[in-house]
Amino acid sequence: MTSGGDVSFDVLTDVEGPPPTAAEAIYGTALRFPARPLPHVVANFVSTIDGVVSLGINDGTDSSTVSGRNPGDRFMLGMLRAAADVMMIGAGTLRANAGHQWTVASVAGTHLDVLRAYRADLGRPSEPAPLVVVTGSGQLPSHVALTRPETQPIVLTTRAGASNVATAFPKLRTLVVGDSGRIQGDDLVAALGRELGAGLVVCEGGPTLMGSLIGAGAAHELFLTVAPWIAGRDPSHPRLGLVNDFVASPRALRSTVLTSARRAGSHLCLRYRFSA
């Protein structure tokens, strides 16, 4: 068992790594990422036991309700944000998380200093990773992450969407990818590497963006926290799962390899590598 203040992990399985930093010692081992391919895309989600990642709450508490604000999940999220060169979310995730800033400080609690040191140890700049918001339509809410940002916001959209962004948020930097309403996962990842020089991209959803990445074979790893709740679904509460707008055939299911498992209370923190 490893612990740091209110954070405690039981390491169930993991791979050997280099000597850990202070933050990694709390996590239980060194948390590092491959140098190739670039960009290296890591997705992070929390879901209930029955696979629900969103309860449809739009007051900013959706993800924290699913996670139960588990200290281990929040610390791991802080580590991923600290390691990131670019943070990436879809427009739906932006809408569902009113008031949130996608920075280490917003989830670090009492571990901010140790997570900042971890970012420095990885050779990342002291400022937070920029936040890329992906939207085909360019229709975005007036969100603090865009209007009063604590890190640089960048909108990745289509040519048609760019005009909507320019009208509503004329000062935001915009990256244009493609002419159609749907942005392909491999195209957006290529743009992050080409335009931003991104090495590690951390994607925090949502399910439609995740579907685009998986469909294009552009996601490399998944960090999934399984929270000990059962949410359920019915016709009036469809409730999204991990992946939306992508369907694998029964004979071509996308496979993964479990590379790490740890327990934080009754939450399971799992790390998967997508098979080539």
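Among the residues of the stretch 34-55, those that are in contact with a helix residue (DSSP H, G or I) (Cβ under 9 Å, 6 or more places away or on another chain), within 18 Å of residue 85 (Cβ to Cβ) and modelled with pLDDT of 95 or more comprise 39, 41, 42, 43, 44.
Of all residues in the stretch 209-217, one or more are in contact with a Ser or Thr (Cβ under 9 Å, 6 or more places away or on another chain) and farther than 30 Å from residue 4 by Cα.
The set of residues in the stretch 161-174 being in contact (Cβ under 8 Å) with a residue 24 or more places away in the chain and either of a type in the set (Phe, Trp, Tyr) or within 17 Å of residue 90 (Cα to Cα) (or both) consists of 161, 162, 164, 165, 169, 172. If only residues of the stretch 209-237 that are buried (at least 20 other Cβ atoms within 10 Å of the Cβ) and among the polar types (S, T, N, Q) are counted, the one that is farthest from residue 271 (Cα to Cα) is 212. Set side by side, the residues 135, 158, 167 differ, and just one is open to solvent by 20 Å² or more (accessible area, probe 1.4 Å) and not hydrophobic (A, V, I, L, M, F, W, C), which is 167.
When the stretch 73-99 is examined, which residues are found to be assigned to a loop (DSSP other than H, G, I, E, B) and either in contact with a Pro (Cβ under 9 Å, 6 or more places away or on another chain) or modelled with pLDDT of 95 or more (or both)? Correct list: 84, 85, 98. Identify all residues within the stretch 176-203 that are under 25 Å from residue 124 (Cβ atoms), surrounded by 15 or more Cβ atoms within 10 Å (Cβ to Cβ) and in contact (Cβ under 8 Å) with a residue 40 or more places away in the chain; write none if there are none. Of everything in the stretch 176-203, those that are under 25 Å from residue 124 (Cβ atoms), surrounded by 15 or more Cβ atoms within 10 Å (Cβ to Cβ) and in contact (Cβ under 8 Å) with a residue 40 or more places away in the chain turn out to be 188, 189, 192, 193, 196, 198, 199, 200, 201, 202, 203.
For the stretch 18-45, enumerate the residues that are open to solvent by 10 Å² or more (accessible area, probe 1.4 Å) and assigned to a helix (DSSP H, G or I). Within the stretch 18-45, 22, 25, 26 meet the criteria. Among the residues of the stretch 167-182, those that are within 20 Å of residue 196 (Cα to Cα) and among the aliphatic types (A, V, I, L, M) comprise 172, 175, 176, 177. Only one of 109, 123 is assigned to a loop (DSSP other than H, G, I, E, B) and either on the phi > 0 side of the Ramachandran plot or surrounded by fewer than 22 Cβ atoms within 10 Å (Cβ to Cβ) (or both). Can you tell me which? So the residue among 109, 123 that is assigned to a loop (DSSP other than H, G, I, E, B) and either on the phi > 0 side of the Ramachandran plot or surrounded by fewer than 22 Cβ atoms within 10 Å (Cβ to Cβ) (or both) is 123.
In the stretch 1-17, of all residues being of a type in the set (A, V, I, L, M, F, W, C) and in a loop (DSSP other than H, G, I, E, B), the one that is modelled with the highest pLDDT corresponds to 15. If the condition is being over 23 Å from residue 198 (Cβ atoms), open to solvent by 50 Å² or more (accessible area, probe 1.4 Å) and in a strand (DSSP E or B), then the stretch 243-269 contributes 257, 258, 263, 268. Among the residues of the stretch 1-10, those identified as touching a residue at least 24 places away in the same chain (Cβ under 8 Å) and open to solvent by 60 Å² or more (accessible area, probe 1.4 Å) are 5, 6.
The values are calculated or read from the model by the stated rules, or taken from the named source; none is laboratory data. Only a predicted model underlies this, so the values are computations on that prediction, with no experimental measurement involved. Cβ coordinates were reconstructed from backbone atoms using ideal geometry, including for glycine residues, and neighbour counts include every protein chain displayed. What goes into the accessible areas is simple: the full protein's heavy atoms, side chains included, and nothing from ligands, DNA or RNA. Shrake-Rupley method; radii C 1.70, N 1.55, O 1.52, S 1.80 Å.
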